Structure formats: structure tokens, C-alpha cells
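**Student:** Handing you a structure now.
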Amino acid sequence: MYNSKITGLGYYVPENVVTNNDLTQWMDTNDEWIQERTGIKERRWIDPKTGDNTSNMGAKAARIAIERAGLTKDDIDFIIFATLSPDMYFPGGGVRVQDLLDMPTIGALDVRNQCSGFIYSLSVADQFIKTGMYKNVLVIGSENHSGGLERSTRGRGVTVIFGDGAGAAVLSRSEAQGKGILSSHLHSEGKHAKELALEGPSTGRWVPEIIKENDPNDVSYYPHMNGQFVFKHAVVRFSEAIIEGLQTNNLQATDIDMLIPHQANLRISQFVQKKFGLSDDKVHNNIMKYGNTTAASVIIALTEAWELGKIKGNDLVVLAAFGSGFTWGSVIIRW
Ligand code: UT7
């Protein structure tokens, strides 16, 4: 059986910086509240004039990851694309990346698992490689949140949190034993689907219906979140997924060299860090700069930590995420 390892990483965020103070032009909020409750200082929102969107940000990140893997686009066997904010209702973003990168007619799979989208995608790529079906799989997480957020006081509980960006990894076949992805752990609890969701447009809430009703109180086409409920579940599920990953590999918290938590809220990351007794140099957070980029958050943070030299050969790297669905999971990597 083969192993899989990450051979290339890349990320792309739009240039346009939106500070907490900038948000006050649209809604009743303030820098102090946002920083205290979330840790966020600023985020990137696409400037529509640039033409950036979910797919082309993913393609930009992918180009960097492929080059750093020492490969060309023609070496990639399969694309996995995670997003909750696709450019179109259908088709998904994977085929758009295939076209933008002028790749051969390889398969492209879209993953709809929100904040844990990258964890799920990496796990799927890992299975394809371990079974021998593919040699190099391109895994992308990309989000254009700013295109669909409610920029008003009514939407502030959600809008201030989310940012745009994309990250990509190339997962490649490896013969080295005990290295690369050691295990992945995926979970869901669909009874909480509506606690963090965007309900329309969908086949349950289709556009003509929304237009016909023309109800000023209708927020079904904006994301909504039961913040405290989600928060309470997040801290429990994050911890469970990490413990499950450590136990599966007969490892302890003290073996962790780098934890990359999904950047949902700095307070969640800090809770998890404390629970596992990790020092500051063993956790990488960047929510301060980018907000919550959902399916892109883990891969942007992983890439950034690697670029900063925080991840070295043989390190034990733990990725963990929780979000809408609810879905959550972890990936344990020996770098
Ligand atoms: O990534 C997927 C997973 N997501 C998460 O894990 C997120 C989990 N939840 C959270 O991070 C937090 O619940 C939030 C950051 C979303 C909210 O923080 P909170 O401490 O739970 O605040 P809250 O929703 O309980 O709201 C407290 C108060 C309310 O006012 P009242 O009713 O106490 O007068 C809100 O209306 O803060 C108000 N508020 C705001 N004030 C200023 C809500 N949003 C804002 C805002 N600016 N942006």
C-alpha cells in the first residue's frame, strides 16, 4: 500500500483589506466588540473590479502549490475542490479550475462540507492515493464570502466574521513508511443543519419564490448562525477529533509539533490550545488577518505556517475543523 504526503502548498488572498472600522460604514459594530469576541482585526474581501471569484482564487493558489511540488499541471491526476460559495449554483468549482489551469480532462470533484471542507477533501485525496488509483491529487479550499454577506446591522453577527481567500495542496504518492497522512477522522451531525446555514436559493427555497414574496424580513438567502450554540459544539467536537486522531496513532498531546485549527474564532483556538497544553509556538492562528475563510481556512493557515518555517521534516502536524452541517474532523500528518 502507498502512503500520501503533501508535496506542495499555496494560498491566495485578495489584496483588498477590510478593517473592523471599515465595517462600520454598513452596520452598527465596532473594533472592540469584534476583536474581543472573535480575535479578528481585518479580513480580505474581493474588490469586484479585480474579477476575482471562488474558482480563480482557487486556481491562483493551485498554481503556486503545483510549482512548489516540482510538478506541472499535466502531472495532476485529479482535482478536489471544497467551497460553500461556488461561482455558480452548478456546475461546481472543480471543473472551473480544470479549465482555468488548462489541465487535461482529469476528474474534478466538489466537496460541500463548509468549514471542514478541506479536512474532508484531504481525506478523500488520501484514499485515492493509498489505493493506488492516483499519484498526484490537487486539493483546493476557496471561498468568496463577501459576495453573499448581508452588509447591515441585521447581518452583523455573521458578516463581521467571514473573509475571502483560497488555499491549495498537492497530495502525492510516497513510498516512505510512517510519513505523510497517518489518519483522517470525519464526522457529522445533520440534526443541527439549520444552526449555521444559508437556506436559499435552493430547491427548498427557489429564487422565484423569494422574489414573489418580496418580504423585507426574509433573510433566507443570507447565511445565519446560532453563534453561541455553534461555539459550544465547536469546542467539544474540535477536542474529540484531535483526541481520536492521537489515540488512533498511539500518540499523546505532547507529541504535537503544530496544530492548525480551523480559524472560526480565536477564542475557540485558544480553548483547544489550553485543553491540550500546547505552547504558542505549537499552534498557528491567522484569523486576526483573514477572518474565517471556511473551506480555505485550514489550508491557508497550514501554508502560512510552513512558509514561516514553523513546520519541519518529521514534525507531527494536526489539522482540525468544525462547522456547518454540523461536520467536523481531523487529519494527523507526520511531515
Ligand atoms: O466556522 C464555523 C463555525 N463557527 C463558529 O464556530 C462560530 C461560533 N460562534 C462564535 O464565534 C460567536 O458566537 C460569535 C462571534 C458569532 C458571536 O459572539 P457571542 O459572544 O456569542 O455574541 P452573541 O451572538 O451572544 O451576541 C452578543 C451581543 C448581542 O447583543 P445583545 O443581545 O446582548 O444586546 C448581539 O446583538 O452582541 C451583539 N452583536 C454585535 N455587536 C457588535 C452581535 N454581533 C455584533 C457585532 N458588533 N458584529
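**Student:** Report every pair of residues separated by at least 6 positions or lying on different chains whose Cβ atoms are under 7 Å apart, first residue within segment 134-147 and under 17 Å from Y221 (Cβ atoms) and open to solvent by less than 20 Å² (accessible area, probe 1.4 Å), second hydrophobic (A, V, I, L, M, F, W, C) and in a strand (DSSP E or B).
**Tutor:** Short answer, once both residue conditions are applied: H145/F162.
**Student:** Among (1) charged (D, E, K, R); (2) away from the ligand (no atom under 16 Å from the Cβ); (3) not in a loop (DSSP other than H, G, I, E, B), which single condition is R43 missing?
**Tutor:** The one condition R43 does not meet is (2).
**Student:** A further question follows. Which condition number in (1) open to solvent by less than 30 Å² (accessible area, probe 1.4 Å); (2) closer than 17 Å to I299 by Cα is the one that R112 fails?
**Tutor:** So R112 meets the others, but not (1).
**Student:** Related question: Please indicate, with yes or no, whether at least one residue in segment 66-75 is within 16 Å of the ligand (Cβ to nearest atom) and either open to solvent by 70 Å² or more (accessible area, probe 1.4 Å) or under 20 Å from the mean Cα position of the chain (by Cα) (or both).
**Tutor:** The answer is no; no qualifying residue exists.
**Student:** Name the single residue, out of those in segment 188-200 being open to solvent by 60 Å² or more (accessible area, probe 1.4 Å), not in a helix (DSSP H, G or I) and not aliphatic (A, V, I, L, M), that is modelled with the lowest pLDDT.
**Tutor:** E199
**Student:** Shifting gears a bit: Tell me yes or no: at least one residue of segment 275-284 is closer than 30 Å to W45 by Cβ and either under 15 Å from the mean Cα position of the chain (by Cα) or surrounded by 21 or more Cβ atoms within 10 Å (Cβ to Cβ) (or both).
**Tutor:** yes
**Student:** While we're looking at this one, here's another question. May I ask you to list the residues in segment 239-266 that are of a type in the set (A, V, I, L, M), within 16 Å of the ligand (Cβ to nearest atom) and not in a strand (DSSP E or B)?
**Tutor:** A241, I242, A264, L266
**Student:** Now for a different question. Output the residues belonging to segment 120-152 that are polar (S, T, N, Q), more than 17 Å from the chain's Cα centre (by Cα) and part of a helix (DSSP H, G or I).
**Tutor:** Selection gives Q127 alone.
The values are calculated or read from the model by the stated rules, or taken from the named source; none is laboratory data. Quantities reported herein were computed from a predicted structural model and do not represent experimental measurements. Every residue, glycine among them, receives a Cβ derived from its backbone with ideal geometry; neighbour counts consider all protein chains shown. The area values use the complete protein model at the heavy-atom level, side chains included, leaving out ligands, DNA and RNA. Shrake-Rupley method; radii C 1.70, N 1.55, O 1.52, S 1.80 Å.
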